[in-house]
Amino acid sequence: MKSFADFVKTTVSGGFFVVLPIMLVWLILVETLDVLVALTSPIAELLPLESIGAETEANLVAIAVLLILCVVTGLAIRADIGVSTGRWIERKFLQPLPGYAIFKSLSRRFSGDKTEESFVPAVVSTPLGTRMLAFIVEEHDNGDLTVFVPAAPTPAMGMVHIVTKEQVRVLDAPMGAVAGCFWEFGTGTKALLAANPPQRQETQA
């Protein structure tokens, strides 16, 4: 009974941490569209699209404006001045926010950015002879590593361990593929390790 209760608790908790960001993004998007609809209504009234209805027309104009803003912003941040401005905003306003660094690192890892040094997929060997899938979080000055070992089936939860570099083998795999092994209670680990034989791996991050 206890194991079932633990399973329900971890499953609900893991689902909460997945659903909550989605809901927040959805609410922000809805609020942003409402503001844009209010601001662009005068423009929508000038367009000859009466056949689709005033409300639909206003929503289409608002979505078009939002897409244009996203494109312009994306182009701006790719320019030198945009990069500098973005870094300043991140340093002054975003980095002080709790959890921002973690979410940034996770999003870059999930997008396949292998230059990101945090949350690097790895296999950790234990003194008991077992091995664990984990993510390298950071490297210490003495060479030790902080690793996060997720729990199945909720990889958003788990344990933090400090291990020696010799215990760790880096995996050349997307973060999503490793996380998927936890979501599926270990299914997929065989293929993941087969694609990363020990002789091809380095022992450090």
Quick one: Arg87 ticks every box in (1) among the charged types (D, E, K, R); (2) at pLDDT below 70; (3) under 23 Å from Ala195 (Cβ atoms) except a single one, so which number is it? (3)
For region 94-137, what are the residues that are of a type in the set (Ser, Thr, Tyr) and modelled with pLDDT of 90 or more? Ser125, Thr126, Thr130
Would you confirm whether any residue within region 191-198 is at pLDDT below 90, closer than 13 Å to Val120 by Cβ and in contact with a Lys or Arg (Cβ under 7 Å, 6 or more places away or on another chain)? no
Contacts under 7 angstrom Cβ, first residue in region 179-198 being under 15 Å from Ala156 (Cβ atoms) and assigned by TED's automatic domain parsing to the domain that holds Ala122, partner modelled with pLDDT under 90 and of a type in the set (A, V, I, L, M), 6 or more apart: Phe182/Ala152
Within region 138-155, take every residue that is in a loop (DSSP other than H, G, I, E, B) and small (Gly, Ala, Ser) and give me the one that is modelled with the lowest pLDDT. Ala152
List the residue pairs whose Cβ atoms are under 9 Å apart, where the first residue sits in region 160-171 and is assigned by TED's automatic domain parsing to the domain that holds Asp144, the second is modelled with pLDDT under 95 and among the aromatic types (Phe, Trp, Tyr), and the two are 6 or more positions apart or on different chains. Val160/Phe148; His161/Phe148
Residue that is at pLDDT below 95 and part of a helix (DSSP H, G or I), where the choices are Gly158, Gly176: Gly176
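The values are calculated or read from the model by the stated rules, or taken from the named source; none is laboratory data. Please read all numbers here as calculations on a predicted model, not as lab measurements. Backbone-built Cβ (ideal geometry, glycine too); neighbour counts: all protein chains shown.
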